[in-house]
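These notes are about the structure you will find just below.
Values quoted throughout were computed directly from the atomic coordinates according to the rules given, and no laboratory measurement underlies them. All figures in this text were calculated on a predicted structure; none of them were measured in a lab. Cβ placement follows ideal geometry from the backbone for every residue including glycine, while neighbour counts extend to all protein chains displayed.
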Amino acid sequence: MIGNWLKTGLPMAGILALFGAIGGVIGGQQGMLVALGIGGALNFFAYWFSDRMVLALYRAQEVDETSAPQFYRMVRELAARAGLPMPRVYLIDQAQPNAFATGRNPEHAAVAATTGLLGLLTPRELRGVMAHELAHVKHRDILIATISATVAGAISTLAHFGMFFGGARDDDEGGGNPILAILVLVLAPIAALLIQLAISRTREFGADRGGAAICGDPRALADALAKIDAYARGIPLPTAEAHPATAQMMIVNPLSGGGIKGLFSTHPATEERIGRLLAMA
């Protein structure tokens, strides 16, 4: 339990500190206090509502045993194998094959998959993917992933606001350091991204292991990852492109682009993930 709190609390404390740093650049000491207050309120809001925000952002539609019987029953069977409560199940009408899990805890969790994923994978492979998402739920990764996506996006917005209005002016000190202001405003979003990278890359390996254990078929998840990665590269996911902070929630990086962007990918290399799964098999 303490480990779960540390896993959630430390990254969020770091992101909250970035909020305060940007506030200090924009408005001095008073701006820092205001930004910390806003950051704390945003964390509170994200804890309770970020899952609904992300699902609404992707226009996810909840399904049940009547509207998507095979998919729903598959998730229910896997949730039972994992010893989890039945999550809410959603479909996203997008061609790119992908999936994610969200929610503040296993009792308030949701799993979502795109229609492209259901059309691409065999039932065995789809089972591996949904087991992976349920492993995120079981490991309680979903809260920190959803909150970090929400708050990291807000940090980028705040930094752009600061760049537009310039650096801080602290009346007590007679003026701010413009070079320091520019560095903070430029580097804070990068720092937020690096926190997301550390969160996402570690948890993806853990969810691969957990998903393989839940479905009992590591090779099925390995085959699914190979297919998803190959197809996702050529099929855009417009919502992820418009809101890149949500990309780290997906099972495979949904963003287009390679080269230098690959260095900042929120996911470990698919080839490495597949290799680890095949070693398990």
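Where in segment 81-110 does the label zone of residue 61 land, with the point 7 angstrom along Cα→C-beta and an amide N cut-off under 15 Å? What the label zone holds, given the 15 Å backbone N cut-off, is 89-95. Once the chain from residue 72 to residue 241 is taken as fully extended at 0.36 nm per residue, the excess over their C-alpha distance is 58.0 nm. Residue order for 72, 58, fewest other beta carbons within 10 angstrom first, comes to 72, 58.
Work through the residues other than residue 142 whose Cβ is under 10 Å from its Cβ and net out their charges, Lys, Arg +1 and Asp, Glu -1.
+1
Stretched out straight at 0.36 nm per residue, the stretch from residue 271 to residue 53 would grow longer than its current Cα-Cα span by 75.3 nm.
Compared with the alpha-carbon gap, the fully stretched path from residue 256 to residue 29 is longer by 77.8 nm at 0.36 nm per residue.
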